[in-house]
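Step one of this worksheet: look at the structure below.
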Amino acid sequence: MHNANRMTSTDLAGIIAAAATDKKARDVVILDIRGKTTIADYFVICEGDTDRQVRAITDNITDVCKGHGARALAVAGLKDASWACADFDAVIAHVFLPGERTFYDLEGLWGDPAGERAV
């Protein structure tokens, strides 16, 4: 992270989870993937009930993070909005429709049940 506050990836994951919760995201999970891959330290995974809510959650995540000095490197999936993804380098936010979340099962692929934190 490059900002004056020296935000850690753990801090950023918490900010992203809170921003998702602010838009009524369901089943918000912070998944610690450190040591399993070099693509990120954390995934923040959540879901919205509709494509409109998936967009609103993703937009709020990017806006709140920007206010904390963290800008997304990329945001994808907003057109279809069945799965949107915002890449903040050390933390990647995944916002799903419920069926998509079940299908891709990121928690099952990357998770350690003891390492998950629900918000």
Fill in the blank from the handout: Filtered hits (aspartates and glutamates, Cα-Cα < 12 Å from K79, offset >= 8 within chain) -> D51
Problem - For A19, net neighbour charge (Lys/Arg +1, Asp/Glu -1) across residues whose Cβ lies under 12 Å away - result: 0
Exercise for the section: Quick one: dipole size for the chain, taken about the Cα centre, charges +1 on Lys/Arg Cβ and -1 on Asp/Glu Cβ, in debye to the nearest 20. Expected result: 320 debye
Handout entry: Cα point-scatterer Debye curve for the chain, base-10 log of I(q)/I(0) at q = 0.14, 0.22 Å⁻¹
Key = -0.50, -1.27
Practice task
Determine, for each peptide in 70-77, 33-40, the mean count of other beta carbons within 10 angstrom over its residues, then list the peptides with the highest first.
Solution key: 70-77, 33-40
Completion exercise
Straight-line reach check, K24, cutoff 18 Å on alpha carbons, 8 or more apart in-chain or any other chain, hits among lysines -> none
Exercise for the section: Might you work out the accessible area of F103 for me, using a 1.4 Å probe with all protein chains in place, and round it to the nearest 10 Å²? Expected result: 150 Å²
Problem - the chain, relative contact order [Cα under 8 Å, separation at least 6], % - result: 30 percent
Practice task
On the full set of protein chains, 1.4 Å probe, figure out the accessible area of H68 and give it in Å² to the nearest 10.
Solution key: 80 Å²
Exercise for the section: Out of all DSSP beta bridges with both ends in the stretch 28-119, state the antiparallel percent to the nearest 5. Expected result: 70 percent
Problem - Protection proxy ranking, peptides 50-58, 12-20, average beta carbon neighbours within 10 Å, highest first - result: 12-20, 50-58
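The values are calculated or read from the model by the stated rules, or taken from the named source; none is laboratory data. Just so it is clear, the structure is predicted and the values come from calculations on it, not from any experiment. Using ideal geometry, Cβ is built from the backbone for each residue, glycine included, and neighbour counts are taken over all protein chains shown. Ligands, DNA and RNA are excluded from the accessible area calculation, which covers all protein heavy atoms including side chains. Shrake-Rupley method; radii C 1.70, N 1.55, O 1.52, S 1.80 Å.
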